[in-house]
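The values are calculated or read from the model by the stated rules, or taken from the named source; none is laboratory data. Everything numeric here is computed off the predicted structure, so don't read it as measured data. Using ideal geometry, Cβ is built from the backbone for each residue, glycine included, and neighbour counts are taken over all protein chains shown. What goes into the accessible areas is simple: the full protein's heavy atoms, side chains included, and nothing from ligands, DNA or RNA. Shrake-Rupley method; radii C 1.70, N 1.55, O 1.52, S 1.80 Å.
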Amino acid sequence: MSIKYFDEFKSFYLHTPNTSYVFHINDGGFLIHDYYGKKIPECDMRFYSARPGRSSFSPRSADGTTTPDSAPMEYSVNGTGDYRASALQIREFRGNASTDIRFDSYKIYAGKPELKGQPATYGTEEETTTLEIVAKDAVTNAEVTLYYTVFENYDAIARRVKVTNASEHGMDLERVYSSCTELPKGNWDICHLYGMWGRERKFERNHIPRGITAIESKRGASGHHHNPFIAIVDGSTTEEIGDAYGFSFIYSGNFSAQTEIDTDGDVRVIVGINPTDFGWHLDPGESFETPEAVSVYSAEGLGGMSRIFHKLYRNNLCRDPWKNAKRPLLINNWEGTYFNFDEEKIFNIAKEAGELGVEMLVLDDGWFGSRNGDNSGLGDWFVNEEKIKGGMKLLSERIHGLGMKFGLWFEPEMINPISNLYDAHPDWCLHVEGRPMCKGRNQYVLDLSRKDVQDYLFDCMDKILKDAQIEYIKWDFNRNITEAASALLSADKQKEIFHRYVLGLYALCERLLEAHPDLLMEGCSGGGGRFDPAMLYYFPQYWTSDDTDAIERLDIQYGTSMVYPTTAISSHVSVCPNHQTERISPMQTRGDVALAGTFGYELDVTKMSDEDKEAVKAQIAEYHKYYDVIHFGDLYRLIPPNGEECAWCYVSEDKSEALLTFVCIRCHPQFRRCVKFRGLDENKLYKDDEGNVRPGSVWMNAGINRTNGMKDFTSFKVHLTEVK
Ligand code: GLA
């Protein structure tokens with residue numbers, strides 16, 4: 001068992017292959033955190049959580065055992081002496097919000113319990129061990145269950161919380177975070193991913209100041225602007241060396257990841273649903289289950305942390321049948337045609353693309369209702385037979401006749417005020433009676449907390465999926481939520497709407513996959529606006545950004561790779577000048593950058609030159625040749641995109657193959673390009689495609705030395721295979 005309880009020290013020890021997480025029950029029954037980091041043996045670690053007593057301004061607990069304001073609390077609560085960020089705040093029936101939970105019981109068992117109705121990591125009894133701790137508030141009779149699951153193969157701990165109202169009165173949850181982690185004083189930096197439309201998941205690293213630092217969303221979605229992820233790293237940590245703690249939240253709605261550094265320099269990290277605009281009422285006997293948060297520790301820097309997330313999320317979050325299956329190489333017509341197409345144009349794109357080796361045609365926005373622009377039609381999921389003559393069934397059959405698969409775009413959660421659906425059901429969107437509604441891209445958001453709305457969407461989508469031959473859908477979400485209120489919820493439950501929306505979304509996705517188990521779903525939200533781990537549970541790949549410019553994508557894909565596996569990063573070659581930036585970059589670079597993801601095309605192939613078509617054929621051959629090393633290999637970020645250059649490499653798990661990609665962002669006269677491989681076996685011999693044979697130690701310590709100058713935006717790859 002990798003989780004143990006030692007009664008002698010009243011301590012719990014959670015071990016993964018290379019990490020340990022330790023906490024104890026003190027004399028007052030408080031759960032006190034001791035240690036999280038590199039693996040240690042099971043000794044008495046209680047000394048490590050000792051903190052000096054403070055003044056009367058940090059009160060002692062009533063039983064005199066604890067100073068909650070300075071002790072590292074395993075799960076911090078509100079209103080009983082801990083003035084730092086609290087993970088839990090419950091307003092009891094008498095109106096006060098003071099909570100005090102003490103240890104009651106624990107269970108340790110093989111396996112991982114299911115989190116009903118919400119996405120979460122999973123694992124067999126061989127792969128996982130779980131600890132459940134119950135702590136109780138003797139006054140309010142709130143029962144708090146803390147779940148910890150460790151993975152046998154990964155240095156990751158999955159955490160979540162359940163709160164049960166075991167009293168005879170109602171109670172209201174005002175904050176209920178999924179995890180609370182205490183780290184000792186040090187020289188800590190915070191890393192996070194920020195952005196906006198077209199510029200998602202830019203990496204930023206800052207020294208953590210005293211007080212609270214919050215990375216959050218209250219958009220109703222995880223959003224473009226912040227990703228539900230932070231890493232806390234030592235000031236000296238690099239890409240490959242040093243302490244890196246990653247915190248990732250498996251949730252698609254309003255999230256909060258906060259650090260609080262107190263006066264002494266100790267750090268608290270809490271991750272969970274954003275308490276702003278959140279509340280949940282519990283009647284006697286009812287429970288609330290939080291989404292899951294995942295913590296990862298690596299002594300091998302940010303790169304080590306990312307590689308753990310990649311494997312965990314690819315193997316134990318994404319689901320079969322697609323998690324490790326080779327994805328169809330697709331062409332999407334969006335940038336090729338926008339709304340201006342008919343069935344013949346789409347068929348011709350498919351035909352030409354198929355001849356070059358593309359395996360699936362994805363028909364994007366504009367095939368339904370009155371959708372000839374972005375101001376009408378959303379909600380009317382019926383084929384527009386003026387554009388798709390003969391219907392979707394016929395078009396899908398014709399495309400299958402070419403030996404290709406067929407995919408279709410939907411934006412189920414939205415409604416245009418100009419639509420039949422809005423005429424029939426104006427109350428089906430989120431709205432506040434009497435308040436004019438904000439529009440985003442001319443659309444409103446449907447109230448997914450409603451079962452009738454979910455049923456309507458399921459029925460429309462199910463019908464199209466049954467009628468035509470469709471192997472894939474792209475599920476879009478092109479605005480964030482405003483006027484968050486539901487026509488069906490009572491006034492005291494309106495505060496639950498944001499979370500109920502997300503649960504409704506999960507329910508709809510699950511139902512669709514149950515009815516169509518082989519369907520491949522790609523997520524999208526104006527590009528990567530909801531690219532979060534929860535979405536990966538339903539959508540094993542996600543459209544990373546509407547910005548398809550290869551040079552822009554270097555930053556976007558670099559940041560995305562902090563947490564998300566290559567198999568999830570949807571990346572396509574598009575035309576030049578690029579539609580978002582007007583930049584012109586060589587076809588080879590566009591291909592090399594798109595190869596660092598699911599790979600595909602986003603253009604009208606019928607308008608391509610013969611030269612470009614030959615380039616497409618060559619790219620597709622490379623896609624197949626390098627598929628395994630790219631998608632299942634370990635990623636090493638060699639040079640971050642720094643305005644001059646960028647490089648990364650993949651190394652297969654058995655270290656027999658590697659692929660390095662280098663992109664020149666800005667050229668200089670007479671400039672050499674040097675870059676060292678990482679992750680190879682020092683003692684193996686590797687040969688590149690030009691026939692150079694060198695030991696792994698030479699490829700890693702000396703690397704490559706390109707003396708021929710490179711022009712702006714050009715790229716090259718070096719492919720190594722082991723020589724036996
Ligand atoms: C969003 C997506 C695009 C495309 C359009 C269609 O912006 O990110 O890829 O599907 O919607 O309207």
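Work out how much length Lys463 to Asp264 would gain on full extension: take 0.36 nm times their residue separation and subtract the Cα-Cα distance, in nm to one decimal.
65.6 nm
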Residues with amide H under 5 Å from that of Ile208, placed H, sequence gap 5 or more: Trp188, Asp189, Ile190
Rounded to whole Hz, the Karplus (6.51, -1.76, 1.60) HN-Hα couplings of segment 649-664, x for glycine and proline: 9, 10, 10, 5, 4, 8, 6, 9, 8, 8, 9, 10, 10, 10, 10, 8
Spatially proximal lysines relative to Lys326 (Cα-Cα < 18 Å; intrachain offsets below 8 disregarded): Lys311, Lys405, Lys474, Lys625
Whole-Hz couplings from phi, Karplus 6.51/-1.76/1.60, listed for segment 174-179; x for Gly and Pro: 10, 8, 8, 6, 8, 8
Debye equation applied to the C-alpha atoms of segment 594-691, log10 I(q)/I(0) at 0.21 Å⁻¹: -1.19
Qualifying GluC sites (Glu not before Pro) in segment 385-440, DSSP loop, other Cβ atoms within 10 Å at most 16: Glu385, Glu386, Glu433
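Before I look further, what does the chain give for accessible area per residue, probe 1.4 Å, in whole square angstrom? Intermediate results must be reported in sequence, preceding the final value.
Details: 25940 Å² over 724 residues.
Dividing the accessible area of the chain by its residue count gives 36 Å².
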Square roots of 5 times each gyration tensor eigenvalue, C-alpha, segment 516-564, largest first, Å: 21, 12, 9
Residue order for Tyr5, Tyr686 - accessible surface, 1.4 angstrom probe, largest first: Tyr5, Tyr686
Residues whose placed amide H lies under 5 Å from that of Glu292, excluding near-sequence neighbours: Ile250
Span from the segment 672-694 Cα centroid across to the segment 231-254 one, whole angstrom: 30 Å
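Thr707 to Tyr338: FRET efficiency via 1/(1 + (r/R0)^6), r the Cβ-Cβ distance, R0 45 Å, to the nearest 0.05?
That gives a FRET efficiency of 0.50.
Among 224-236, 673-685, what's the highest-first ranking by average C-beta atoms within 10 angstrom per residue?
Numbers: 224-236: 22.6, 673-685: 17.8.
Going by the mean number of other Cβ atoms within 10 Å, highest first, we get 224-236, 673-685.
Sorted by packing (mean other beta-carbon atoms within 10 Å per residue), highest first, where do 448-454, 637-643, 499-505 land? Mind showing how you got there, number by number?
On the way: 448-454: 19.1, 637-643: 17.1, 499-505: 22.3.
Going by the mean number of other Cβ atoms within 10 Å, highest first, we get 499-505, 448-454, 637-643.
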Per residue Cα convex hull volume in Å³ - calculated over segment 411-525: 105 Å³
For segment 295-372 and segment 415-433, distance of Cα centres in Å: 30 Å
Inter-label distance for His400 and Asn642, nm, one decimal - labels placed 7 Å from Cα along Cα-to-Cβ: 5.3 nm
Residue-wise HN-Hα coupling along segment 622-628, computed from phi with Karplus coefficients 6.51, -1.76, 1.60 (Hz; x: Gly, Pro): 5, 3, 5, 4, 9, 3, 5
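Using R₀ = 35 Å, calculate the FRET efficiency as 1/(1 + (r/R₀)^6) where r is the Cβ-Cβ separation of Asp455 and Lys326; round to 0.05. Could you put the intermediate results ahead of the total?
Numbers: r = 34 Å, r/R0 = 0.98.
Rounded to the nearest 0.05, the efficiency is 0.50.
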CD proxy at 222 nm, helix term only [per DSSP H run n ≥ 4: -39500 (n - 2.57); per residue of the chain; nearest 500]: -6000 deg cm²/dmol
Long-range HN-HN contacts of Asn227 with modeled amide H, under 5 Å: Leu193
Distance-filtered residues of segment 656-687 - backbone nitrogen under 20 Å, label point 7 angstrom along Val693 Cα→Cβ: 656-659, 680-687
Mean Cβ count within 10 Å, highest first, over the residues of peptides 150-163, 582-595: 150-163, 582-595
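Please work out how much length the chain gains when fully extended from His169 to Asn153, using 0.36 nm per residue of separation minus the C-alpha to C-alpha distance, in nm with one decimal. Before the final figure, lay out each step's value.
Details: separation 16, 0.36 × 16 = 5.76 nm, distance 4.39 nm.
Net length gain for the segment: 1.4 nm.
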Accessible area, probe 1.4 Å, largest first, for residues Tyr83, Tyr636, Tyr106: Tyr83, Tyr106, Tyr636
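Find how much the distance from Met196 to Tyr109 grows on full extension, using 0.36 nm per residue of separation minus their present alpha carbon separation; answer in nm with one decimal.
Length gained between Met196 and Tyr109: 27.0 nm.
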Convex hull volume of the chain per residue (C-alpha atoms, cubic angstrom): 162 Å³
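Considering only DSSP beta bridges whose two residues both sit in segment 536-676, what percent are antiparallel, to the nearest 5?
Roughly 80 percent of the DSSP beta bridges within segment 536-676 come out antiparallel.
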Fraction of accessible area attributable to carbon and sulfur, the chain (%, probe 1.4 Å): 49 percent
